[in-house]
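Report on the structure given below.
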Amino acid sequence: MVSKKNIFLLKGVTGSGKTEVYMRMVEEVLEKNQSAIVLVPEISLTPQMIERFKGRFGKNVALFHSKLSDGERFDEWFRVKEGKAKLVVGARSAIFLPVKNLGLIIIDEEHENTYKSDQNPKYQTKEVAEFLSEQKGCRVVLGSATPTIESYYRALIGELDLLELNSRVDGKAMPPMEVIDMRNELRSGNISLFSRELFKEIQEKLSKGEQIILFLNRRGFSTFVSCRSCGYVFKCEECDISMTYHRSGLLVCHYCGKTKRAPQKCPKCDSKYVKFFGAGTQRVEEEVKKYFKDARVLRMDVDTTRSKDSYENIYNTFKERFEGYPIRVEVLSRFKTPKQQKQIIEDAKKGLVDVLIGTHRIISKDINMPNLGLVVIDEEQRFGVKHKESLKKIKSTVDVLTLSATPIPRTLHMSLSGIRDMSVIEEPPQERHPVITYVTEAKESIIQDEIERELGRGGQVFFVYNRVERIEEMASMIQRLVPDAKVAIAHGRMTSKDLENIILGFLNKEFNVLVCTTIIETGMDISNANTMIVYDADKMGLAQLYQLRGRVGRSTRQGYAYLMYEKDKSLSEIAEKRLKAIREFTEFGSGFKIAMRDLEIRGAGNILGSQQHGHMAVIGYDLYVKMLNEAIKKVKGEVVSEDIDVEIDLSVNAYIPDNYITDELIKIEMYKKIASIESKEDMYEVQEELEDRFSDIPKSVETLLKIAYIKTLCKKLKIEKVRQIKDEILLNPLTRYKTKEKIGYNIVNELEELLENMCNLKSN
């Protein structure tokens, strides 16, 4: 796009692909190492817009609007200022962010009046965008299917460049529209809110499992209240407009927010003939539930979207198509009353429950699901062997899926050995940051500083102390150190009702410090809690510490974990190993590495028994694994071939230099990957990873990759030893040959080519 003014009006019919145009423009800007701002008129639109842009541009996207907490707004502001986010999606206030090297501003649905701020400071977003364009030389795009008269006129007279999209994507037709006069519906005897045509269409779409959106620009239950005797209308004394009746029993002024109780009689004539007229979103919701009983209904208005994530939650729920299917989901836990539990169990026996979610209660003998096909065990490290086996015995043909960030040694070993299949999810959620982890002595000064720091940014704190007897004493200490903190206590000995109230209170930010036991280890997802202090961390298991740390850093904000042990305490060797491992592995996807380290520390356990960890001390772990792998292959009917240990002795440099990979742990990791090469494809994958992570590969590393691949070729040809004596290569026990090449690296290439040809001849 070329324009003298750099300001464009994109006029496109609905469904013409304006968003795709926006994304391509943003893509072009980012390729030039510039930044972009995309503005939407309503906060309710940001979840959908951010989802689409994050899908294209990943972590490069920042979200900014007034529903974010002060801490979250600061974090996003800082990311933009530091240049860590080059694309901003947000409401009108995002225009003022300190974006570096700004190249593009997009104002979507530019006709909306929400871009004009009536509060101080008063401003028109489009005018600010034009000013920034003059100052920074960036392009401004105003997008709409129905632009304002002002913008369209400016485009027609040449002040703006006009771009038009006059047809839908793929030439799709515009949807047919029908206007129905509800007065005619009333005359024909239809007194419901829905016309007969609309009623029919809703029924048809629901029967097909499709979704429906009903738009109504009035919230509340009734739009006004009037006396039928004298005609008096209940108005706001301040604004002189009719007040809206809400289902809460209140009359609300939607201008100033003033409320009062709904009247029982008219204040003017004292008549009790007070009626409610008009329909708001609450009334429509009630009517839909009344006439379409099987429909799942969501209401989106100001009353349901007051909390920070409400727009996103409603959007995601509506988007989730599972909601539209006739599937019954029930929960069994201690939070259900005995009567409720009994009813659920009875319905499950009758086959009326499709999905049953619960705790250990599910493995009780009275639970019977006749058509059970799948058992999913989440957080498998919290279940014992007997629990897991009981779940599998519910039905002999059942499929079992176990999920865990940190599988116990026994489970991990069974997967590594081939007894169970294993899949690893290593990709982190977008915008997540690894939790910064500290291992330190317990000091009141540190506890005080870190709690105050987290509360200072509007966040919440988990303080884990796993001794119920002294937990109140610990809570008192925190209250003394941080007097402004709102401290609550949670542990497993509390009643279900009390525990539920505490957790909900913490979720609703009634408390900002939760002193608790490891009861919060799993299932807690509180995005505002981003600092965790674990007292006596040396007494906890490695997987347990990893799970606890996973309770923080579950949003776009930086999370912190402080693992503390008593001052001057001498730690055991195992405790030191655990704390070192948890401090070491902080990156995303490290749960698998943690589990591997736990396997090293505790051993693999008893496959046929109930012990979930321990060493096979008699024969040694390596030999045990080798024997187990052979046994599994025999059971599967696979040919067990004797593994040949190939020795290669060539006059060539094959290693990873210190200046190529400086970190010793990473270097060891890459050596392991190179050693595990079993094909040419494996070699290329490792080569690609090295180039991607550490730049161009040195000759010594390239040679090392080649030798690892040569070993696999030798195994196929039963060659036990490769040895170089001057210009002669010995391939024991097969042959020997004189080299044509003189340089060591070229000799390796020559040997690789020879062995590949020998393998091809063997296979033919």
Any chance you could count how many residues in segment 451-473 are in a helix (DSSP H, G or I) and surrounded by 18 or more Cβ atoms within 10 Å (Cβ to Cβ)? 4
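Please go through segment 718-746 and pick out each residue that is more than 21 Å from V701 (Cα to Cα), out of contact with any Phe, Trp or Tyr (no Cβ under 6 Å at 6 or more places or on another chain), assigned to a strand (DSSP E or B) and of a type in the set (A, V, I, L, M, F, W, C).
Residues of segment 718-746 more than 21 Å from V701 (Cα to Cα): 718-721, 725-740.
Narrowing the set further to residues that are out of contact with any Phe, Trp or Tyr (no Cβ under 6 Å at 6 or more places or on another chain) leaves 718-721, 725-728, 730-740.
Now drop any that are not assigned to a strand (DSSP E or B), which leaves 721, 725, 728, 730-732, 735-738.
Correct list: I725, L730, L731.
Condition check ((1) free of Cβ contacts under 8 Å to residues at least 60 places away in the same chain; (2) among the β-branched types (V, I, T); (3) part of a helix (DSSP H, G or I); (4) in contact with a strand residue (DSSP E or B) (Cβ under 9 Å, 6 or more places away or on another chain)) across all residues:
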position	(1), (2), (3), (4)
T703	yes, yes, yes, no
C714	no, no, yes, yes
V748	no, yes, yes, no
L754	yes, no, yes, yes
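Conditions (1) in a strand (DSSP E or B); (2) assigned by TED's automatic domain parsing to the domain that holds G90; (3) surrounded by 21 or more Cβ atoms within 10 Å (Cβ to Cβ), marked per residue:
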position	(1), (2), (3)
K126	no, yes, yes
A129	no, yes, yes
Q135	no, yes, no
L142	yes, yes, yes
T146	no, yes, no
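Hey, any hits in segment 465-481 for a residue that's among the basic types (K, R) and at pLDDT below 80?
Here is the first cut: in segment 465-481, the ones among the basic types (K, R) are 467, 470, 480.
From the residues that got through so far, the ones that are at pLDDT below 80 too are none.
No, segment 465-481 has no match at all.
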For T114, state whether it is in a loop (DSSP other than H, G, I, E, B), under 36 Å from the mean Cα position of the chain (by Cα), of a type in the set (V, I, T) and assigned by TED's automatic domain parsing to the domain that holds V89. no
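Kindly evaluate A173 against the criterion of being touching a Lys or Arg at 6+ places or on another chain (Cβ under 8 Å) and surrounded by fewer than 18 Cβ atoms within 10 Å (Cβ to Cβ). Spell out the reasoning first.
On the way: touching a Lys or Arg at 6+ places or on another chain (Cβ under 8 Å): no; surrounded by fewer than 18 Cβ atoms within 10 Å (Cβ to Cβ): yes.
No: the conditions fail for A173.
Given the options L198, L162, name the one that is without any contact (Cβ under 8 Å) to a residue 24 or more places away in the chain, surrounded by 14 or more Cβ atoms within 10 Å (Cβ to Cβ) and not in a loop (DSSP other than H, G, I, E, B).
Numbers: L162 fails: without any contact (Cβ under 8 Å) to a residue 24 or more places away in the chain.
Just one listed residue meets the conditions, L198.
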Sole residue being touching a helix residue (DSSP H, G or I) at 6+ places or on another chain (Cβ under 9 Å), closer than 29 Å to T735 by Cβ and part of a loop (DSSP other than H, G, I, E, B), chosen from I677, I707: I677
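In segment 67-111, how many are part of a strand (DSSP E or B) and either under 26 Å from the mean Cα position of the chain (by Cα) or not assigned by TED's automatic domain parsing to the domain that holds L163 (or both)?
Filtering segment 67-111 for residues part of a strand (DSSP E or B) gives 87-90, 102-108.
The next check asks that each one be either under 26 Å from the mean Cα position of the chain (by Cα) or not assigned by TED's automatic domain parsing to the domain that holds L163 (or both); those that pass are 87-90.
So the answer is 4.
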Taking interchain pairs and intrachain pairs at least six residues apart, which have beta carbon atoms under 7 angstrom, with the first residue in segment 139-151 and closer than 15 Å to S16 by Cβ and the second surrounded by fewer than 17 Cβ atoms within 10 Å (Cβ to Cβ)? A145/V13; A145/T14
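Is there a residue in segment 720-738 that is within 46 Å of the chain's Cα centre (by Cα) and either exposed (fewer than 13 other Cβ atoms within 10 Å of the Cβ) or touching a residue at least 12 places away in the same chain (Cβ under 8 Å) (or both)?
The first filter runs over segment 720-738 and keeps only residues within 46 Å of the chain's Cα centre (by Cα), leaving none.
No: zero hits.
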Criterion (more than 23 Å from E28 (Cβ to Cβ) and surrounded by fewer than 13 Cβ atoms within 10 Å (Cβ to Cβ)) met by exactly one of K116, K122: K122
Residues of segment 165-195 being among the polar types (S, T, N, Q) and either touching an Asp or Glu at 6+ places or on another chain (Cβ under 9 Å) or touching a residue at least 60 places away in the same chain (Cβ under 8 Å) (or both), in sequence order, are N166, S167, S192, S195
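I need the full set of residues from segment 16-52 which are among the hydroxyl-bearing types (S, T, Y) and at pLDDT below 75, in order please. Lay out the reasoning, then the answer.
Pass one, segment 16-52, residues among the hydroxyl-bearing types (S, T, Y): 16, 19, 22, 35, 44, 46.
Residues satisfying the conditions are S44, T46.
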Matching residues, segment 690-732, being under 20 Å from K667 (Cβ atoms) and among the hydrophobic types (A, V, I, L, M, F, W, C): L690, F694, I697, V701, L704, L705, I707, A708
Spot the failing condition for G55; the list is (1) surrounded by fewer than 23 Cβ atoms within 10 Å (Cβ to Cβ); (2) modelled with pLDDT of 80 or more, and only one is missed. (2)
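The values are calculated or read from the model by the stated rules, or taken from the named source; none is laboratory data. Nothing here was measured: the structure is a model prediction, and the numbers come from that model. Virtual Cβ from ideal backbone geometry, glycine too; neighbours counted across all protein chains shown.
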